Amino acid sequence: MNKEHEPAIAPERSPTVSVIIPTYNRSKTLGDAMASVLSQSWTDIELIVVDDGSMEDVEPIVLGFHDPRVKFFRRPKNGGAGAARNSGIALARGSFIAFHDSDDLWLPGKLERQMQLMATLGPAYGVVTGPKILYGRDQKFSFGAGKAAVAPDPATRLVVGGDTLQHLLMDNRISLQNTLFRRNCYPGDVWFDPVARANEDWEFAVRVARNTDIYEDTIPVVLGFMSADSISRNKRRECTGLIRILKKNKDVLALYPYQHALLRLDLAHYMHKFGKRRRAIGFLASALRLYPGCVSALGFMVARWGKGRFAKAWQAIALPRRRRQV
């Protein structure tokens with residue numbers, strides 16, 4: 001047959017949603033996490049599993065699904081969840097991006113519900129998120145077997161028409177596996193700061209809120225499980241994430257001195273806990289300069305640092321700030 005008359009081969013159609021799962025040494029839970037995505041009622045997806053340099057061989061688990069929607073990519077070196085997600089975004093072909101964690105489960109209907117919300121809300125909203133049912137801790141941040149919570153707490157959800165950026169500077173409402181993003185809600189493929197090995201979702205939430213509207217639903221869409229190696233329990237990595245928020249959002253923080261001061265108070269507390277007392281005092285002093293009203297917390301911090309008997313008083317002050325661990 002003359003090549004001029006050969007039938008044209010239609011290009012492969014892009015899926016509507018690209019789902020990205022970063023994984024590192026999670027061979028025991030990865031298969032269940034993938035199954036919870038592939039069994040969703042919204043089927044027009046691609047599932048990109050990014051192995052972040054695992055010491056375990058997870059490729060047989062991924063390819064064992066024999067599903068053409070599944071793609072596997074291995075990073076040669078571990079770079080953290082943020083870097084792995086960036087690798088997945090660079091490969092994604094969908095108009096929408098969703099993330100999942102390799103040790104959690106999407107609830108049935110998660111993706112369909114959020115796609116329907118996107119259609120109802122319209123293009124002004126680039127992000128739809130919701131809570132999860134979290135096993136391993138309770139609403140008071142007490143950890144252990146048999147404990148459960150809805151996180152983040154729906155009682156303090158983002159309000160339509162409210163100051164979303166101000167809210168997010170005090171309380172991270174975006175847990176990535178709970179969320180659906182329009183692909184164009186943020187420019188480029190590097191969404192997450194690879195330097196931040198924890199709180200990278202919070203740091204990104206602050207930046208994305210400057211680009212698009214965010215809607216927070218009240219219906220849980222994920223089952224989450226606290227494990228011994230959960231990133232959100234690594235306080236040193238959380239501290240690095242907080243510092244990155246300060247460094248990358250200076251212009252916005254200048255507009256919100258109270259929220260800026262609270263972030264610095266958090267860092268003062270962390271630095272003292274890590275034995276870096278000079279840096280702790282520096283962050284405390286800078287918080288007071290930014291917002292002198294923070295002096296009301298000074299007595300509690302000094303008591304916490306100096307005498308153990310005041311620990312409960314400090315915990316009462318600190319507890320509302322812990323909502324950001326989602």
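The values are calculated or read from the model by the stated rules, or taken from the named source; none is laboratory data. Keep in mind the model is a prediction, meaning the values are calculated, not measured. Virtual Cβ from ideal backbone geometry, glycine too; neighbours counted across all protein chains shown. We work out accessible area using only protein heavy atoms, side chains counted, and drop any ligands, DNA or RNA first. Shrake-Rupley method; radii C 1.70, N 1.55, O 1.52, S 1.80 Å.
Side notes on the structure shown:
- At 1.002 mPa s and 20 °C, Stokes D of the stretch 1-151 from Kirkwood alpha-carbon radius, µm² per second: 124
- Solvent-accessible ranking of 192, 283, 73, largest area first, probe 1.4 Å: 73, 283, 192
- Other residues lying with their Cβ under 12 Å from the Cβ of residue 46 contribute a combined charge of +1, Lys and Arg counting +1, Asp and Glu -1.
- Under the criterion of Cα pairs below 8 Å and six or more residues apart, the relative contact order for the stretch 249-295 equals 39 percent.
- Ordering 55, 115, 170 by accessible surface, largest first, gives 55, 170, 115; the 1.4 Å probe counts only protein heavy atoms, with every chain in place.
- Each part reduced to its alpha carbon centroid, the stretch 186-219 and the stretch 51-115 end up 18 Å apart.
- Sequence-separation-based contact order of the stretch 101-177, relative, with Cα cut under 8 Å and 6+ spacing, percent: 23
- Taking a sphere under 15 Å around the Cβ of residue 217 and counting the other residues whose Cβ falls inside, with K and R at +1 and D and E at -1, yields a net charge of +1.
- Residue 27-residue 246 FRET efficiency (beta carbon distance; Förster radius 25 Å; 0.05 resolution): 0.10
- q = 0.16 Å⁻¹, the stretch 137-277: log10 I(q)/I(0) [Debye, one scatterer per Cα]: -0.98
- Table column - 3J(HN,Hα) (Hz), the stretch 243-260, Karplus curve with 6.51, -1.76, 1.60, x for Gly and Pro: 4, 5, 4, 4, 6, 9, 9, 4, 5, 6, 4, 5, 8, 10, x, 5, 5, 4
- For the set 171, 213, 101, solvent exposure ranked by accessible area (probe 1.4 Å, protein chains only) runs largest to smallest as 213, 101, 171.
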